[in-house]
Amino acid sequence: MRHTAWFPGFCICYRAETCGNLIVKRSCIANMDELLAEIDSLIAQLRDDPYAAATRIEKTAQTGDVDAQALIAQMYAEGKGVVQNKELGFHWYSIAANNGHVESMNMVGRCYDLGHGVAANDELAVVWYRRAAEHGLDWGLYNYANFLTTGRGIRQDHPLAFTLYLQAAEKGHAKSMNLVGRYLEEGLASATDRDAAIDWYRKSAHAGDFRGQTSYAAVLAESGRIDEAEHWLKLALKHGSPSFLAHMRNTLPQVPYSRLRALLTEISGRTE
């Protein structure tokens, strides 16, 4: 039995807006000692007075520094050091993206994708994810592939989606590793190759993706390796997103392995 009977459908997820690297205006830095001192100063200010640090970063962004533009965008999007303002986050991501900042291209796509700071627009999300993908960004490759998989905003194209997932996976992108496995197991873009699929599930699990850990647990259980399956499924349940846990709350009672069904207690109350 293919393990996807446990977990039907593609689980598409997106890059979380996490705090990025600290940015300073490099054109003002005369040497490495001065650079390190400036970074130390900004780190301290972000810790002790994040609002003052945000003002400093935004002033740098206004001079045209693309990294500062990307960072202030992220701060507005998340409300870090500033009052959250997703519209301003989108504004600065757009400026940075149009100035060639690849990660911001992906984030402009995400804003259009999820309606963060701008009206949701699948077609424009595709445009920006594709631009990030064309620059080789792993998250851009992954997000663009997601749209090709589902046919949102663009004609469904499984062969191209698989190619993009594979490119991202080879760059170390854990979520893409799991989806490469799914494509190989289901034969959506080529002949099925279960051994290769299992290898990609294993890589995804070890790289920390909770869906990859679930996929790997499933194939391990099907081969009778219940101890290992239990280990990986516990990790997935520990780190999974609320939507994933809600899905597993409904799915685990149907799994044909009593020890894995018993793990329902691991998420009891966490999806309420």
>> Along the Cα→Cβ direction, 7 angstrom out, place labels at residue 84 and residue 258. What is the inter-label distance in nm?
In response: 4.6 nm
> Which length gain, in nm to one decimal place, applies between residue 114 and residue 188 when the Cα-Cα distance is subtracted from 0.36 nm times their residue separation?
Replying inline: 24.0 nm
> Using the heavy atoms of the protein chains alone and a 1.4 angstrom probe, what is the accessible area of segment 99-167 per residue in square angstrom?
Replying inline: 39 Å²
> Taking a threshold of 27 Å on the Cα-Cα distance, which of the pairs 175/238; 80/171; 86/234; 59/171 fall above it?
Replying inline: 80/171; 86/234; 59/171
> How much length, in nm to one decimal, is gained on full extension between residue 59 and residue 246, taken as 0.36 nm per residue of separation minus their Cα-Cα distance?
Replying inline: 63.0 nm
> Where only protein heavy atoms count, and the probe is 1.4 Å, what is the accessible area per residue for segment 213-272 in Å²?
Replying inline: 50 Å²
>> Leaving ligands and nucleic acids out of the surface, order 60, 192 by accessible area at 1.4 Å, largest first.
In response: 192, 60
> P(r) tail for segment 149-272, what percent of Cα pairs lie past 20 Å?
Replying inline: 46 percent
> Once you treat every alpha carbon in segment 33-186 as an equal point and sum by Debye, what is log10 I(q)/I(0) at q = 0.09, 0.16 Å⁻¹?
Replying inline: -0.35, -0.88
> If each Cα of segment 199-272 is one equal point scatterer, what is log10 of I(q)/I(0) from the Debye formula at q = 0.20, 0.23, 0.28 Å⁻¹?
Replying inline: -0.76, -1.00, -1.38
> Ignoring any ligand, DNA or RNA, what whole percent of the accessible area of segment 80-179 comes from carbon and sulfur when the probe is 1.4 angstrom?
Replying inline: 50 percent
> What part of the accessible area of segment 189-267, given as a whole %, is carbon or sulfur when the probe is 1.4 angstrom?
Replying inline: 50 percent
> What order do you get for 226-235, 179-188 when each peptide is scored by the mean count of other beta carbon atoms within 10 Å, highest first?
Replying inline: 179-188, 226-235
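The values are calculated or read from the model by the stated rules, or taken from the named source; none is laboratory data. None of the values given here were measured: they were computed from a predicted structure. In this analysis, Cβ positions are derived from the backbone assuming ideal geometry, glycine residues included, and neighbour counts consider all displayed protein chains. Accessible surface is based on the protein model in full, side chains and every heavy atom, while ligands, DNA and RNA are left aside. Shrake-Rupley method; radii C 1.70, N 1.55, O 1.52, S 1.80 Å.
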